[in-house]
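*Asks:* Structure in structure tokens, see below.
The values are calculated or read from the model by the stated rules, or taken from the named source; none is laboratory data. Please read these numbers as outputs of a predicted model, since none were measured by experiment. So basically every Cβ, Gly included, is an ideal-geometry build from the backbone, and we count neighbours across all protein chains shown. Keep in mind that these areas ignore ligands, DNA and RNA; they rest on the heavy atoms of the full protein, side chains included. Shrake-Rupley method; radii C 1.70, N 1.55, O 1.52, S 1.80 Å.
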Amino acid sequence: MSSKLRFSSKRFLLTLMLCACSVILLQNYDLSPNASFTFNLICVASGLAICFVLFIPAIIIKSRTNLDFLTVAAVKTPRLKIPIAVFYSVYFIFTAEFFLLPYTDMFRKKYYYDVTPCLIAALLLITCVYAAIKGVNVITRFGIFLFAFAMLTNILMFGGSLGQMDFSLNTFELTGGFPDYIRNTLYFVTPAFIAVLFACLSGKTKNFRIRQTVFALIFTGVKYALVLFFIWFALGAYAQRQEYQTFLLSRAAHFSSFGGIESFYLALATMSVFMIISLMLCAVTKSVKRESDLKTVIIFVVILFAAHACGTYLNSVKEILTNTTVFVIFTAIAAAVIPSAYIFAGRKSNARKALHNITMS
């Protein structure tokens, strides 16, 4: 399939929305234990509102030029192509590890404790090589299947938890302080990595509308809210003492004699992380002008595997690669600061041209 073919912007944002679901699927002691459910809803709304703000530079570039940021940057500042490529390559590698390390940790602890996380990472990365070579168009087509599977998993997980609902376990009161608000809101800003993916890969999409971004973030917020609701009122305080609470919710869900849908949860988490890494590989090869090139993809996969091995066996490295604050700052620079500089420069350049034309006339 030709990589030059344009594909639906709706399908692309649907895929990005599914990637953002990894944030809540892999949540593990990331939220403050002092915050109530209602308080967390406010944090979800605040975090996703910031995500939309970080989308704005990419939306402006896409709306004005119908191109992605990397293409615009290459045309406007060809001398900066190497620094831009290095920065975004590092960012995409960092982001891939931000999700890959928790995923392999969850997989090992909850399913195959005797298997090393590096083996799990290696198998997943090998499958991502094929997807990255095929390109974003093919990955977004797989996103349609994943959306259907995600809907089925959510129905089973939430429907199977209805019988365990107990509103005496917790209340709807607003509990939490300013430090809790900062911590939780910061965590719910992490889905903004999809704004960077949109900025760098949206050049081949067609029929883009701003409302598509809004709906994608709203549906993401609904997903987060439902997961938090059932964890809060079906599992109660017990969930606060356990790792990977969404996994616990999937294990606790049951229908009559049929109990536990953790296999569905694992499949959904695997496919979500798979799509994140595959899109990151597409973006990183695009940043170095080597799209769908097998050798380039393999080089970056080897780098990803080496970084994962370091994060697995060196706790100090893992703390950096999975640090929420560092990730959000890095994302803000990649999604908003650098693209905004090009937007401002473009306006300044247009103003100079207009002034020159007036002077000449």
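*Asks:* Quickly run through the range 248-271 and pick out the residues that are assigned to a helix (DSSP H, G or I) and surrounded by 23 or more Cβ atoms within 10 Å (Cβ to Cβ).
*Replies:* LEU249, SER250, TYR265, LEU268, ALA269
*Asks:* Whether any residue in the range 268-276 is of a type in the set (Phe, Trp, Tyr) and free of Cβ contacts under 8 Å to residues at least 40 places away in the same chain is what I want to check.
*Replies:* no
*Asks:* Give me the residue from the range 198-225 that is part of a helix (DSSP H, G or I) and in contact with an Asp or Glu (Cβ under 9 Å, 6 or more places away or on another chain) and, out of that set, most open to solvent (accessible area, probe 1.4 Å).
*Replies:* Step by step, filter the range 198-225, then rank; the result is LYS204.
*Asks:* List every residue pair whose Cβ atoms lie under 8 Å apart, where the two residues are 6 or more positions apart in sequence or sit on different chains, the first residue falls within the range 27-45 and is among the charged types (D, E, K, R), and the second residue, located anywhere, is assigned to a helix (DSSP H, G or I).
*Replies:* Close Cβ pairs (under 8 Å, with a partner that is assigned to a helix (DSSP H, G or I)) amount to ASP30/TYR187; ASP30/THR324.
*Asks:* Now for a separate question. Among the residues that make up the range 302-319, is at least one of them among the aromatic types (Phe, Trp, Tyr) and within 15 Å of the chain's Cα centre (by Cα)?
*Replies:* The answer is no, given that none of the residues of the range 302-319 is among the aromatic types (Phe, Trp, Tyr) and within 15 Å of the chain's Cα centre (by Cα).
*Asks:* When the range 166-180 is examined, which residues are found to be over 19 Å from PHE230 (Cβ atoms) and among the hydrophobic types (A, V, I, L, M, F, W, C)?
*Replies:* Passing the criteria: LEU174, PHE178.
*Asks:* Just one of the numbered conditions (1) closer than 21 Å to LEU197 by Cβ; (2) more than 17 Å from the chain's Cα centre (by Cα); (3) open to solvent by less than 60 Å² (accessible area, probe 1.4 Å) is not true of ARG64; which one?
*Replies:* (3)
Residues are listed down the side, and each one gets a yes or a no for (1) touching a residue at least 40 places away in the same chain (Cβ under 8 Å); (2) assigned to a helix (DSSP H, G or I); (3) open to solvent by 50 Å² or more (accessible area, probe 1.4 Å):
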position: PHE300; (1), (2), (3): yes, yes, no
position: CYS310; (1), (2), (3): no, yes, yes
position: VAL317; (1), (2), (3): no, yes, no
position: VAL328; (1), (2), (3): yes, yes, no
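*Asks:* Something else about it: Name the one entry in PHE99, PHE94, PHE107 that is out of contact with any Asp or Glu (no Cβ under 8 Å at 6 or more places or on another chain), among the aromatic types (Phe, Trp, Tyr) and over 21 Å from MET271 (Cβ atoms).
*Replies:* Exactly one residue qualifies, and that residue is PHE94.
*Asks:* Something else about it: So for the range 226-242 (the condition being basic (Lys, Arg) and assigned to a helix (DSSP H, G or I)), does at least one residue qualify?
*Replies:* The answer is no; no qualifying residue exists.
*Asks:* Name every residue in the range 280-298 that is open to solvent by less than 70 Å² (accessible area, probe 1.4 Å), among the charged types (D, E, K, R) and over 15 Å from CYS200 (Cα atoms), in order of residue number.
*Replies:* Listed by number, the list holds a single entry, ASP293.
*Asks:* Oh, and also: Of all residues in the range 210-225, which are aliphatic (A, V, I, L, M) and either under 26 Å from MET157 (Cα atoms) or in contact with a Phe, Trp or Tyr (Cβ under 8 Å, 6 or more places away or on another chain) (or both)?
*Replies:* Hits for the range 210-225 are VAL214, ALA216, LEU217, ILE218, VAL222, ALA225.
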